[in-house]
Amino acid sequence: MHHRLERVLPYQPDQLFKLVGEVEAYPRFIPWIVRLRTWNRRHGGEGVTLFDAEAEVRFSIVHERFATRVRLDAPRQTIDVDLIAGPFRRLKNKWVFRPHPDGCALVFEIDFEFKSRLLRTLLAANFHRATTKLVDCFEARAKELYGAQP
């Protein structure tokens, strides 16, 4: 499954890059992430930070854990996430933050496939809604941290 969502938000790209890059805070504002831990934080070049993260998620009857490798590229204002382990055959997602006259043009792309046919079937019907809700959570968090913007 592949999905791309674009949204213009009234914040600066560096504010949203920082917000999305602070993955340890996700359980505070994304309701289905019940636990998240990071490890192996390292320098990956000029302005680039790499680390691994494990998330425990709960959607209705689904309770899973998965691990990813995260690449924060501050000069390019991008965040890339690749699968290490979990219930997926594949998982890649990318965040891009670009200046826009009204603040920031945010692009969220995700491409994944569950190993389990049951999980694929359960999520397929709600996939678009789930990705929209995820970006909504970040927008609400930005409003909480940076205030409502004109």
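Data overview
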read-out: Which numbered condition Asp80 misses (of (1) surrounded by fewer than 15 Cβ atoms within 10 Å (Cβ to Cβ); (2) closer than 17 Å to Leu19 by Cα); value: (1)
read-out: Lone qualifier among Phe138, Phe97 - being surrounded by 12 or more Cβ atoms within 10 Å (Cβ to Cβ), among the hydrophobic types (A, V, I, L, M, F, W, C), touching a Cys at 6+ places or on another chain (Cβ under 9 Å) and modelled with pLDDT of 95 or more; value: Phe97
read-out: Identity of the residue in the range 1-24, touching a residue at least 12 places away in the same chain (Cβ under 8 Å) and more than 15 Å from Ala105 (Cα to Cα), that ends up surrounded by the fewest Cβ atoms within 10 Å (Cβ to Cβ); value: His2
read-out: Output for the range 36-48, where each listed residue is farther than 14 Å from Thr68 by Cα and either within 14 Å of the chain's Cα centre (by Cα) or not aliphatic (A, V, I, L, M) (or both); value: Arg42, His43, Gly44, Gly45, Glu46, Gly47
read-out: Residues satisfying the stated conditions in the range 98-138, i.e. over 12 Å from the mean Cα position of the chain (by Cα) and farther than 26 Å from Ile61 by Cβ; value: Arg98, Pro99, His100, Pro101, Asp102, Gly103, Cys104, Ala105
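The values are calculated or read from the model by the stated rules, or taken from the named source; none is laboratory data. Bear in mind that the values here come from a model prediction, so they are computed numbers and not experimental data. Neighbour counts run over all protein chains shown; Cβ positions are idealised from the backbone, glycine included.
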